[in-house]
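Input: a single structure, listed below in structure tokens.
The values are calculated or read from the model by the stated rules, or taken from the named source; none is laboratory data. Predicted model, so just to flag it, every value in this text is computed and none were measured. No Cβ is skipped: glycine too gets one built from the backbone with ideal geometry, and neighbour counts run over all protein chains shown.
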Amino acid sequence: MQPDMLPSYSPGPSRGRLSVSLALAAVWLAVSVAGGAWLFFGTDSGAVTLHATKPVLAAESSHTVYGGDAYTGIQNAASDTEHAVVDGTNGLANLSQELADSSASFNRGLANRMQQGLGILVVGVGLLNFTVAMSRRRGAE
């Protein structure tokens, strides 16, 4: 059995490897700052504004008078029903459009905040990587 012997050289990484790792960390820092700035400032995310293809329906019937018989009353009641259905449908379509716009606006705001947070995280990781490479280089000197 051989006794434990101390190595005759420093077990740390060589100076050339430290320079390469520092150069790679500097490149990573530059890329992460550029990517983080693009995420933070460059793009606007979220859904686009939604538009209905045919936003308003129009009733095509009207009230007419034929002399007061029962048939005229039935026609006028059908016309009233058509107008009520069209008005209700237009009201629901407008409400649906407003809800979709509100949801899209909320999602756009949330996506922008998340995108900005991701940009900060990307810059932070690049800065951390560069700081670790600098501290290793200073520790080896």
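Only a single criterion out of (1) loosely packed, with under 10 Cβ neighbours inside 10 Å; (2) modelled with pLDDT of 70 or more; (3) under 37 Å from the mean Cα position of the chain (by Cα) is not satisfied by W38, namely (1). Confirm whether S135 is exposed (fewer than 12 other Cβ atoms within 10 Å of the Cβ) and under 30 Å from S19 (Cβ atoms). Against the criterion (exposed (fewer than 12 other Cβ atoms within 10 Å of the Cβ) and under 30 Å from S19 (Cβ atoms)), S135 qualifies.
Which one of F106, F130 is surrounded by 10 or more Cβ atoms within 10 Å (Cβ to Cβ), touching a helix residue (DSSP H, G or I) at 6+ places or on another chain (Cβ under 8 Å) and either within 30 Å of F41 (Cβ to Cβ) or not small (G, A, S) (or both)? The match here is F130.
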